[in-house]
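Working notes for the structure below.
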Amino acid sequence: MINTKTATQIGTRALALTMILAFSVAVPFFFHLAGLSGHVFLPIFTVLVIGAFYVSPAVLTGAALLIPLLNTVITGMPALEPLPMMPLLTVEMTFTALAASVLRKKKSLTRLLVPLTLGRLMSLPFVLLASDLSLSWWLRHYTAGLPGMALNMALAGTVLFVFPPAGKRRTPENR
């Protein structure tokens, strides 16, 4: 038997994971519906980056592993062919989540910039070793996504300003 506190924690984590997954399908869907490029704006990262400030490392990493697969199953994007974007994004998102979890106690800018950058960089070994893609393809892919990295940091910063995580409420002294 599990006690009420444990059941509540499990339920809270399950709800957080479900919400992250749902929004992580909806945000890219609406970007693509509006004709905006996922390669440029990286909408699949948006909810994960914001969630890094609100959920546990376990929930964040679980979401990172599931988001690309769930998007592929529901919307067909990220694609598996002709380019293996789904596994590539799984690698990128998992390292983004792991880096965000390690940096949980750092300042917001560090927690935004380092995980996104590291996550994107960690796809390079995958591209070079486990696929038919080239370094020049990866460089084009990486640089095309720089506006999306900036957009995700700006959106997350805005959400954090408006809705600070628990225990980080704005007071007149730290505004």
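No lab work stands behind these numbers, since they all come straight from the coordinates. A quick note: this is a predicted structure, and the numbers were derived from the prediction, not measured. A quick note on method: Cβ atoms are made from the backbone with ideal geometry, for glycine too, and the neighbour counts reach across all protein chains shown.
Test each condition in (1) of a type outside the set (Asp, Glu); (2) surrounded by 14 or more Cβ atoms within 10 Å (Cβ to Cβ); (3) within 16 Å of residue 44 (Cα to Cα); (4) free of Cβ contacts under 8 Å to residues at least 40 places away in the same chain for residue 114 and report the one that comes out false.
Evaluating residue 114 over (1) of a type outside the set (Asp, Glu); (2) surrounded by 14 or more Cβ atoms within 10 Å (Cβ to Cβ); (3) within 16 Å of residue 44 (Cα to Cα); (4) free of Cβ contacts under 8 Å to residues at least 40 places away in the same chain leaves (3) as the failure.
Residue pairs, Cβ under 7 Å, 6 or more apart or interchain, first in segment 50-72 and touching a residue at least 40 places away in the same chain (Cβ under 8 Å), second surrounded by 24 or more Cβ atoms within 10 Å (Cβ to Cβ) and not in a helix (DSSP H, G or I). List them.
Between residues of segment 50-72 that are touching a residue at least 40 places away in the same chain (Cβ under 8 Å) and residues that are surrounded by 24 or more Cβ atoms within 10 Å (Cβ to Cβ) and not in a helix (DSSP H, G or I), the close pairs are 60/52.
Can you tell me which residue is nearest to residue 62 (Cα to Cα) among those in segment 117-131 that are crowded, with 20+ Cβ neighbours inside 10 Å and of a type outside the set (D, E, K, R)? Please lay out each step first, then the result.
So in segment 117-131, the residues crowded, with 20+ Cβ neighbours inside 10 Å come out as 119-120, 123, 127.
Applying the additional criterion that residues be of a type outside the set (D, E, K, R) yields 119, 123, 127.
Details: 119: 15, 123: 18, 127: 23 Å.
Taking the candidates together, the pick is 119.
Would you pick out the residues in segment 1-51 that are more than 17 Å from residue 119 (Cα to Cα) and outside any helix (DSSP H, G or I)?
1, 2, 3, 34, 35, 36, 37
Could you list, in sequence order, all residues of segment 57-96 that are within 21 Å of residue 19 (Cβ to Cβ) and β-branched (Val, Ile, Thr)?
59, 61, 67, 72, 73, 74, 75, 90, 94, 96
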